[in-house]
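A short write-up of the structure that comes next.
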Amino acid sequence: MHKVTAKNQIDELLCTGSHEFFGEFALYFALMQLAQAKYQVIWLEPQKAADYLYPHALVNLGINLHKVNFVAYQNQHQALWVIEEALRSGAVQYIIANGLKQPNLLQSKRLNMAAQKGKSKAFILLNGISQNANSAMTRWQIDLADGQANKYNIKLLRSREKGFISGKENWIMDIKNEKFYINLAPAFTAQQARA
Amino acid sequence: MKNFISISLPHLQLNKLAHDQRNGWDDKAHVVIERIANKDIIIDANAKAKSLGIDKQQSLTKALACFDEIITCPNNPNLQAKIIKKIAQFCLKYTPKIMLYGHSKLLLDTTGCAHLFGGNEALLQHIQYDLYGLGYDSQIAMASNMRSANAFVNQAVIGTYILHDDKPKEHAALIKLPIEYLDIDDEIIGQLQRLGLRQIKDLLPLKSASLVKRFGQTLLTHMNQALGHESQAFKAIKFNSIYQTSQAFEHTVILSNYLQTTLKILLENLLIMLKVKGKASRQLNLTIFRPDHTTQQIQINTSQAHLSAQNLSKLFALKLDKLNAPDGIDKIMLTANLVENYISKSDNYLDKNETENIPLTDLFDHIGNKIGFDKIMSYVPANNHIPERAFSELKQSINIGPSSWHKTPLKRPTRMLKQPYILFDFSFANFEYQGQRQTIIRKSGPERILPEWWWNDPLWQDGARDYWWLIAQSGRQFWVYATAHIIRAETGEISATKKRYFLHGWS
């Protein structure tokens, strides 16, 4: 029997298509996906960023760097073109883009269509979210949990698959000894028990 | 009988300049100068300059004193070498054996080639006509050996040729030539002239032993080579193979669909040409020739040697809109600039082990041709204890094989700053970064990292760094280092040391 774990719940939500991560610690949620990658991944970074992902830290987090190729983009338009082409090709398992503005409805629809064709996923780390609606499969907010370092609260803000989202579906991501652990948030666990 | 053609191009640099600046060339005096013993000496002059009385070996200062409107150009041996190589490549149509001789001479071994052009005379006329068409002044001579061909070429007037295809006549003409045409040092020429020995025939009655004793071996060797008693080594230039295919249109073509169809045909032809030689292309150039006699080029690159016309035409399709030919196209030319030995897919390591990587190279070719290959990179570990040099960034490189990354025993920040950020107003209780005050709740460290003493890195000029991990109330973990900044007095002595704090990364 398939055991429903917190990690499985998240994996099921992160289906084929484009997903948006937002929040101060969204990077770690993306890194958790990167650590789970079995095939090639493209990581997009803005060319003019003042900082970069430090490879040794990624290796310590259990990420296979030989599966990761980095692409520097000049602007939002270029980044979206690369994401779309990579999704459509099906050559990569994930494409993760850092530092983008929220794609508009048309752009996110295009990304989803490309992802359906290539059966791959895009994770977009947003600079901030706007009020405009778009067609992202899921949107997540990742913040610090209870003021504890290395413990992050993952909140599902939107899911096209699930339809209505109460905003109370939370998970806790823990980084212990440089390994990722996912648990159901205490409030969510209690809610599920009542159901 | 062997046949050698010597081609001398005495005004190589000026001819090139004349070709580049077609308009107004004849109206102005142009000279090529070289700095010899702190003096600018004219080494070549165009017709206008010569008509004003300016000639070779004249000092530029003197020439400027008489005529102030002289356009000068410094002597450029590199440019000359490039031009002469290009002309040599052009001469491949006459013979495959071509040798560079000095900075401005070419030697062609045309033995057995002349009949293809209608005989020796027709061949010489052909060469002369072609070089004139290219805009180069030439002196041409044909003889039975290299040395005599080189001697006769000095005698030929610009725009004419000397032909010797009869040995006795050639010998008779050769012995009347001045000795300096045998490429002898000026010093020996001076000595010979003092003795009244001016022509080759003057040397013939002299004994070889006495000639060698007095003037060295070179004179005798060169004379014997010219007379055909000794052979001379022919060092033919090795040209890289050119993989090129083109299509000229009878009428100017405007339709872009037609261009794409022709491009596909050219690609297939070129790839067959490469496949036969066991090669594959990594860089292709498409040149279009427009009716106004101008050309335009687009280039595509691939991350691996490619033999798929379909994929390559897709890459060209990304750039075809950059071609601007409103009046149409006369000719299309496709050239493989960079070729590599092709490893067939069945022998490829990737095919056997990591099949998922095969379309990845196509994807990166697609991305690289659109946004630039320098934007694609991967990391490899480097054996260095300095954090920013503990890895190498490989640009234009795709990660395809397993790498030798190992976990580091010490914690490192997830994001590292390209330039460490100086923290003014720093204390271990709190500090300000990007307008936000960070309150520190815990710290760990320090980890001391010493600079590499064997090279003076400007970023590490303050010496050893003490790295601290600072955990802020916001949940951020900052990697901060402290250095001892040395303040020196005007005399250069150390007057004080001050600790400075920098933010280098965070998790």
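Some points to look at:
- Qualifying residue in the stretch A:99-112 (condition: within 13 Å of chain B (Cβ to nearest Cβ), at pLDDT 90 or above and buried (at least 17 other Cβ atoms within 10 Å of the Cβ)): no
- Residue list for the stretch B:448-472, filter: surrounded by 15 or more Cβ atoms within 10 Å (Cβ to Cβ) and either modelled with pLDDT under 85 or not basic (Lys, Arg) (or both): B:ILE449, B:PRO451, B:TRP460, B:ASP462, B:ASP466, B:TYR467, B:TRP468, B:TRP469, B:LEU470, B:ILE471, B:ALA472
- Failed criterion for A:ILE83 (all others in (1) closer than 20 Å to B:GLY372 by Cα; (2) not aromatic (Phe, Trp, Tyr); (3) not in a helix (DSSP H, G or I) hold): (3)
- Of the set (1) over 30 Å from the mean Cα position of the chain (by Cα); (2) of a type in the set (Phe, Trp, Tyr); (3) surrounded by fewer than 18 Cβ atoms within 10 Å (Cβ to Cβ), all apply to B:TYR129 but (1).
- Filtering the stretch B:144-159 for residues that are at pLDDT 90 or above and of a type in the set (Phe, Trp, Tyr) leaves a non-empty set.
- Scanning the stretch B:308-325 turns up no residue that is at pLDDT 85 or above and within 16 Å of B:ILE254 (Cα to Cα).
- For the stretch B:378-472, the strands (runs of 3 or more DSSP E) that sit wholly inside it and include 2 or more residues that are of a type in the set (Ser, Thr, Tyr) and more than 10 Å from chain A (Cβ to nearest Cβ) are B:436-449.
- Subset of the stretch B:67-88 [at pLDDT below 85 and not β-branched (Val, Ile, Thr)]: B:PHE67, B:ASP68, B:GLU69
- If you go through the stretch B:55-97 and keep only what is under 15 Å from B:VAL32 (Cα atoms) and either in a helix (DSSP H, G or I) or touching a Phe, Trp or Tyr at 6+ places or on another chain (Cβ under 6 Å) (or both), you end up with B:LEU60, B:THR61, B:LYS62, B:ALA63, B:LEU64, B:PRO77, B:ASN78, B:LEU79, B:GLN80.
- Of residues in the stretch A:15-29 being more than 11 Å from chain B (Cβ to nearest Cβ) and assigned to a helix (DSSP H, G or I), the one surrounded by the most Cβ atoms within 10 Å (Cβ to Cβ): A:PHE29
- Residues that are under 21 Å from B:GLY159 (Cα atoms), among the aliphatic types (A, V, I, L, M) and in a loop (DSSP other than H, G, I, E, B) within the stretch B:9-48 comprise just one, B:LEU9.
- Taking the stretch A:30-62 as the range and being under 18 Å from B:PRO387 (Cβ atoms), more than 7 Å from chain B (Cβ to nearest Cβ) and part of a loop (DSSP other than H, G, I, E, B) as the test, the residues that pass are A:ALA49, A:LEU61.
- Of all residues in the stretch B:402-425 being among the hydroxyl-bearing types (Ser, Thr, Tyr) and out of contact with any helix residue (DSSP H, G or I) (no Cβ under 9 Å at 6 or more places or on another chain), the one that is surrounded by the fewest Cβ atoms within 10 Å (Cβ to Cβ): B:SER404
- Test: B:ILE42 is outside the structural domain of B:CYS91 (by TED's automatic domain parsing), at pLDDT 85 or above and out of contact with any Phe, Trp or Tyr (no Cβ under 7 Å at 6 or more places or on another chain): yes
- Here A:LEU126 does not fit the description of being touching a residue at least 40 places away in the same chain (Cβ under 8 Å) and either within 14 Å of another protein chain (Cβ to nearest Cβ) or in contact with a Gly (Cβ under 8 Å, 6 or more places away or on another chain) (or both).
The values are calculated or read from the model by the stated rules, or taken from the named source; none is laboratory data. From a predicted model like this one, the values you see are computed outputs, not experimental measurements. Neighbour counts run over all protein chains shown; Cβ positions are idealised from the backbone, glycine included.
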